[in-house]
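Peer 1: Before we start, here is the structure in question, set down as structure tokens.
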Amino acid sequence: MTDGTHLIRPEVQNLPTYNAGLSLERFACLYGTPCRAKLDSNENPYGPSERVIAAIRSSAAGVAFYPDAGNFILRKSIGKKVNLAEDRIVIGNGSEDLIGTIYRAILQPGDKVITICPSFGLHEIGALAFGAQVQKLTLEDDWRFPVERLCNSLKDAPKILIFSSPSNPAGSAITQSEFEYLTSSIGPEMLFVFDEAYFEFLTGDVRFDAYKWLEGCDFPWVSLRTLSKAYGLAGARIGYALCSDARLADALMKTRNPFGVNALAVAAAIEALGDDDHMTNSVERITRERERIRDHMVTREFEVAPSHANFLFFNTGRKATDFAEELRHQGVLIKAWLEEPYLDWARVTVGLPEQNDAFLTGLDHVSDQL
Ligand SMILES: *Cc1c(COP(=O)(O)O)cnc(C)c1O
């Protein structure tokens, strides 16, 4: 045998492939037509501001040199923004990179990881790669977070509890009082990872600064945030972790790739985090469009989960991969969910108004054929 497969760790051989969205290039190759609405990866169609693009351009002149491995200036500016010392902040090549970084620092074979389902695939896949056992608790029937069941599951001595709020893909979010109740059951023998990829979209009783509450808690925690969603920088790859203490952050600095975050992304992040007006503006437009799409879908009798983010999760009424495939032929790209028991469900990202119209037209077209 010379193909190398005998060398691959069994955990990795059995690992599912991440259900990543299709790039525009791949779409055009596969369907022979350009994609009219790329609504499969929760990207922000408004992108970053002109100032951010200018910052990337001017940092391009410095690419002959390695970036600062300590990301000192960016950590300092995030620290100032959230009022935490910079030695408790870690920058990653996207927050997905930080999930791997955390797992590398913490997980050993046989460790237990608890998460919520339906879920962001990398929370699970990354843990399986280390030989951890992953237990997934479903959201409640009304899409609320399963707070009671989560508290009970903590009795099984998990090493990590990780989930995102708002949930990707469901879109529902944990309320502040549910969050406080849940975290009062967590003990110091485990790590709590709270993935806040869609934090900037939150409003009402689900909008709260989790890290401020966690500051008063007596267990290790990490809060993950990203520039990929509300800040429109998915292609730049940059996210950050706020950590319960500097020693935990220091461990993460050791398990990440020292130069994993490139200089252009750092320049973009510094500029973007300094201009929340642009971000809030796009969040408002996206939120309005989200409600318009939802209203239309509900009128067409689709079951749609409540959403606090830039996407909607809905029951396609049949195998979601078939449904998504038909939409692709209309030039519309959405994400069919590939996780039991949600195989009839799909997630659509809120795009520009005309892209959302293309989705709604495609939706009507496909459902009229049923
Ligand atoms: C998009 C997303 C991320 C990853 O974002 P990065 O682009 O890697 O920063 C992390 N968690 C959840 C729940 C997401 O939806």
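Peer 1: Among Phe145, Phe163, Phe194, which is the only one that is part of a loop (DSSP other than H, G, I, E, B), open to solvent by less than 10 Å² (accessible area, probe 1.4 Å), at pLDDT 95 or above and not β-branched (Val, Ile, Thr)? Don't jump to the end; show me each part of the working.
Peer 2: Details: Phe163 fails: part of a loop (DSSP other than H, G, I, E, B); Phe194 fails: part of a loop (DSSP other than H, G, I, E, B).
Among Phe145, Phe163, Phe194, only Phe145 is part of a loop (DSSP other than H, G, I, E, B), open to solvent by less than 10 Å² (accessible area, probe 1.4 Å), at pLDDT 95 or above and not β-branched (Val, Ile, Thr).
Peer 1: Something else about it: Quick check on segment 1-44: of everything there that is acidic (Asp, Glu) and within 14 Å of Ile334 (Cβ to Cβ), which residue is surrounded by the most Cβ atoms within 10 Å (Cβ to Cβ)? Reasoning before the result, please.
Peer 2: To start, the set of residues in segment 1-44 that are acidic (Asp, Glu) comprises 3, 11, 25, 40, 43.
Subset that is within 14 Å of Ile334 (Cβ to Cβ): 40, 43.
Details: Asp40: 26, Glu43: 19.
Checking each candidate, the answer is Asp40.
Peer 1: Sort out which residues of segment 174-191 are in a loop (DSSP other than H, G, I, E, B) and open to solvent by 10 Å² or more (accessible area, probe 1.4 Å), and write them in order of number.
Peer 2: First, the residues of segment 174-191 that are in a loop (DSSP other than H, G, I, E, B): 174-175, 184-190.
Answer for segment 174-191, where residues must be in a loop (DSSP other than H, G, I, E, B) and open to solvent by 10 Å² or more (accessible area, probe 1.4 Å): Thr175, Ser184, Ser185, Ile186, Gly187, Pro188, Glu189.
Peer 1: Please go through segment 222-251 and pick out each residue that is more than 16 Å from the ligand (Cβ to nearest atom) and either crowded, with 20+ Cβ neighbours inside 10 Å or outside any loop (DSSP other than H, G, I, E, B) (or both).
Peer 2: Taking segment 222-251 as the starting set, the residues that turn out to be more than 16 Å from the ligand (Cβ to nearest atom) are 243-251.
The answer is Cys243, Ser244, Ala246, Arg247, Leu248, Ala249, Asp250, Ala251.
Peer 1: Shifting gears a bit: Working only within segment 70-124, note down all residues that are more than 16 Å from the ligand (Cβ to nearest atom) and either within 29 Å of Asn315 (Cα to Cα) or assigned to a loop (DSSP other than H, G, I, E, B) (or both).
Peer 2: Selection gives Gly70, Asn83, Leu84, Ala85, Leu107, Gln108, Pro109, Gly110, Asp111.
Peer 1: Of all residues being part of a helix (DSSP H, G or I) and in contact (Cβ under 8 Å) with a residue 24 or more places away in the chain in segment 55-69, which is nearest to the ligand (Cβ to nearest atom)? Just the residue, please.
Peer 2: Restricting attention to segment 55-69, the residues satisfying the condition of being part of a helix (DSSP H, G or I) are 55-60.
Imposing the further condition that a residue be in contact (Cβ under 8 Å) with a residue 24 or more places away in the chain reduces the set to 55-56, 58-60.
Details: Ala55: 19, Ile56: 16, Ser58: 23, Ser59: 19, Ala60: 21 Å.
Among them, the one singled out is Ile56.
Peer 1: Something else about it: Between a residue in segment 100-129 that is closer than 18 Å to Trp221 by Cα and open to solvent by less than 10 Å² (accessible area, probe 1.4 Å) and any residue that is away from the ligand (no atom under 16 Å from the Cβ) and in a helix (DSSP H, G or I), which pairs come within a Cβ distance under 6 Å, given they are 6 or more apart or on different chains?
Peer 2: Note: pairs meeting the criteria are Thr101/Thr255; Ile114/Ser153.
Peer 1: Tell me which helices (runs of 4 or more DSSP H) are completely within segment 253-370 and hold 3 or more residues being in contact with a Ser or Thr (Cβ under 6 Å, 6 or more places away or on another chain), or say none if there are none. Working first, answer last.
Peer 2: Values: elements: 263-273, 276-299, 320-328, 353-368.
Hits in segment 253-370: 263-273.
The values are calculated or read from the model by the stated rules, or taken from the named source; none is laboratory data. From a predicted model like this one, the values you see are computed outputs, not experimental measurements. So basically every Cβ, Gly included, is an ideal-geometry build from the backbone, and we count neighbours across all protein chains shown. Please note that ligands, DNA and RNA were not included when accessible areas were found on the heavy atoms of the full protein model with its side chains. Shrake-Rupley method; radii C 1.70, N 1.55, O 1.52, S 1.80 Å.
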